[in-house]
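Would you mind keeping the following structure in view while I ask a few things?
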Amino acid sequence: MVLAVGACAPVPTEPASDSPAAEVVRLEQRTALLERQLELAGGKEFYLVLDPAAPDLTLMLRGAQLRRYAVLGLQIGYPRISWFGRRHPRTWQGVTWSNGELDPPRPTDRIVVTAEPVGKGEAEPEPPPMPPTAEELYPVPPRFHIRFSSGLSVEIPPREADASVGRFARLRAWWSAKWGDVVAAMGLRDRDVLRLRVVLSPKDAESLYWSLPPAVRLLVLTGDPATRRASTTGETSVPGTR
Amino acid sequence: MAGAVAGLLLAVVWAGTGYRYEPYVETPVVPWGSERSTERDLKQQTARLRGRERQLLSRLKAAAPQGVYIVIDQTHNRLYLKRDNDILLEAVCSAGSGMVLNEGSGKKRQWVFDTPRGSFEVLSRAENPVWRKPDWAFVEEGEPIPMDLAERFDYGSLGEYALYFGNGYMIHGTLYERLLGRAVSHGCIRVGRDDLRKVWAMAKLGTRIYIY
């Protein structure tokens with residue numbers, strides 16, 4: 001009977017994507033996104049804007065574009081245990097993710113110098129040692145994450161797009177990552193419930209690891225690609241005028 | 001036999017545990033709730049939202065730096081002079097070394113030579129700046145801290161120009177251009193003579209400085 005009623009009921013027709021109703025929804029999304037961007041631009045924290053349509057990842061502060069990283073690949077990862085997926089229905093686009101920190105953390109290895117007491121010795125004091133560059137100081141791991149509070153993490157495999165990496169090195173990296181993923185997927189903590197796997201050029205990925213400021217925030221753009229690009233660059237074009 | 005089956009089962013479970021990656025797909029815009037609205041309502045909503053959008057875009061533009069601004073990448077020791085998103089100048093610079101200096105005697109103070117991260121602005125500009133050496137400069141060189149203020153003045157070591165951006169930090173020249181590209185400063189940003197002249201010509205009072 002229920003089946004019969006269901007079969008006789010009029011099938012709701014999906015409104016066309018260019019219908020006035022769709023336009024309202026698009027504008028609602030767009031204004032919500034602009035509000036988030038404005039909120040980020042008004043804060044003191046550094047923030048990343050990931051635009052899947054461009055595609056690029058931009059480091060920003062107070063509305064200024066500091067560094068743009070071209071995204072070569074973007075995937076979404078969900079944990080699964082024994083082939084059963086654990087999808088979390090939370091919204092992740094168009095919301096601000098905060099307290100992003102590097103994992104593994106970048107080591108800080110400071111040179112400590114204790115000054116000679118005044119007047120001790122006539123000789124010219126030795127110049128302080130030359131601090132190493134970032135490249136010399138921090139080896140970039142084959143895979144790193146930027147973990148945000150509330151469970152989102154951005155995964156960056158710096159050597160993914162590096163054609164010079166051999167098969168054995170790739171296999172070793174995969175093996176190590178697989179074990180890490182098994183442990184993370186089985187974890188009960190509310191972390192890593194959603195991953196964005198962002199492939200950058202090896203140079204960009206290493207640069208991001210070396211220079212990512214602490215407690216960074218993230219906004220993943222969504223909506224109509226033609227209009228959201230304008231908001232990233234701060235241009236004032238509106239839909240239909242470009 | 002049972003051991004082999006258990007091992008196989010474990011391998012299957014292990015293979016199926018981890019993360020499943022899917023390509024990013026844009027979520028389509030699905031109208032909800034508003035499909036029952038009348039055409040007049042929708043027109044009104046669209047007009048209101050377009051007005052709001054214009055307002056937000058204009059506020060976002062106002063929040064972004066206006067005109068020329070400076071971006072400093074202290075990890076790679078680079079200074080960029082930018083307008084909008086165009087790079088007008090890329091200069092090799094020297095940022096803070098991150099070194100820790102402990103005072104060997106006396107007050108046993110400690111200084112950390114970091115360049116601060118964040119957003120700043122040019123607060124003052126000086127031609128042929130004179131450096132008033134702080135205590136750490138004497139401690140580092142193993143010299144007594146002078147009582148006479150005049151003995152603190154150092155002429156020429158900051159180059160031709162200095163752009164002061166607060167808390168004792170400046171963008172200035174250097175006598176040691178061969179060290180540019182290395183993080184060797186005490187927190188200030190050192191720039192080579194030719195690049196400093198260009199920065200001086202374009203950066204005015206209030207020019208924004210972003211350091212990351």
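Residues of segment B:18-27 being of a type outside the set (D, E) and within 12 Å of A:Y78 (Cβ to Cβ), which ones?
Residues satisfying the conditions are B:G18, B:Y19, B:R20, B:Y21.
Suppose we filter A:L194, A:L137 for residues that are touching a residue at least 24 places away in the same chain (Cβ under 8 Å) and in contact with a His (Cβ under 7 Å, 6 or more places away or on another chain); which single one remains?
From the options A:L194, A:L137, the qualifying one is A:L194.
From (1) at pLDDT below 95; (2) surrounded by fewer than 19 Cβ atoms within 10 Å (Cβ to Cβ); (3) part of a loop (DSSP other than H, G, I, E, B), pick out the condition that doesn't hold for B:P116.
Only one criterion in (1) at pLDDT below 95; (2) surrounded by fewer than 19 Cβ atoms within 10 Å (Cβ to Cβ); (3) part of a loop (DSSP other than H, G, I, E, B) is unmet by B:P116, namely (1).
A follow-up question, please. Within segment A:120-212, which helices (runs of 4 or more DSSP H) (wholly inside it) include 3 or more residues that are surrounded by fewer than 19 Cβ atoms within 10 Å (Cβ to Cβ) and modelled with pLDDT under 90?
A:134-137, A:167-186
Also: Which condition breaks for B:S157 when tested against (1) modelled with pLDDT of 95 or more; (2) among the hydroxyl-bearing types (S, T, Y); (3) touching a strand residue (DSSP E or B) at 6+ places or on another chain (Cβ under 7 Å)?
Every condition holds for B:S157 apart from (1).
Continuing with the same structure: Does B:Y164 satisfy being more than 22 Å from A:E45 (Cα to Cα), at pLDDT below 95 and aromatic (F, W, Y)?
no
While we're here: Testing B:C93 on (1) within 10 Å of chain A (Cβ to nearest Cβ); (2) crowded, with 22+ Cβ neighbours inside 10 Å, one condition comes back false. Which one is that?
(1)
Show me the strands (runs of 3 or more DSSP E) entirely contained within segment B:1-85 in which 3 or more residues are at pLDDT 90 or above, within 7 Å of another protein chain (Cβ to nearest Cβ) and at positive phi.
none
Between A:L33, A:L57, A:L27, A:L50, which is modelled with pLDDT of 85 or more, more than 8 Å from every other protein chain (Cβ to nearest Cβ), crowded, with 17+ Cβ neighbours inside 10 Å and not in a strand (DSSP E or B)?
Going through A:L33, A:L57, A:L27, A:L50 in turn, just one is modelled with pLDDT of 85 or more, more than 8 Å from every other protein chain (Cβ to nearest Cβ), crowded, with 17+ Cβ neighbours inside 10 Å and not in a strand (DSSP E or B): A:L33.
Quick grid of which residues meet (1) touching a Gly at 6+ places or on another chain (Cβ under 8 Å); (2) more than 14 Å from every other protein chain (Cβ to nearest Cβ); (3) closer than 22 Å to B:L163 by Cβ:
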| position | (1), (2), (3) |
| --- | --- |
| B:I87 | no, no, yes |
| B:E103 | no, no, no |
| B:K107 | no, no, no |
| B:D114 | yes, no, yes |
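OK, next. Could you say whether any residue in segment A:85-99 is facing chain B (nearest Cβ under 8 Å), over 21 Å from the mean Cα position of the chain (by Cα), at pLDDT below 90 and assigned to a loop (DSSP other than H, G, I, E, B)?
Within segment A:85-99, not a single residue is facing chain B (nearest Cβ under 8 Å), over 21 Å from the mean Cα position of the chain (by Cα), at pLDDT below 90 and assigned to a loop (DSSP other than H, G, I, E, B).
On the given criteria, is A:G77 modelled with pLDDT under 85, within 8 Å of another protein chain (Cβ to nearest Cβ) and either surrounded by 20 or more Cβ atoms within 10 Å (Cβ to Cβ) or touching a strand residue (DSSP E or B) at 6+ places or on another chain (Cβ under 7 Å) (or both)?
No.
The values are calculated or read from the model by the stated rules, or taken from the named source; none is laboratory data. Model, not experiment: these values are computed from the prediction. For neighbour counting, all protein chains shown are included, and Cβ atoms are generated from backbone atoms with ideal geometry for every residue, glycine included.
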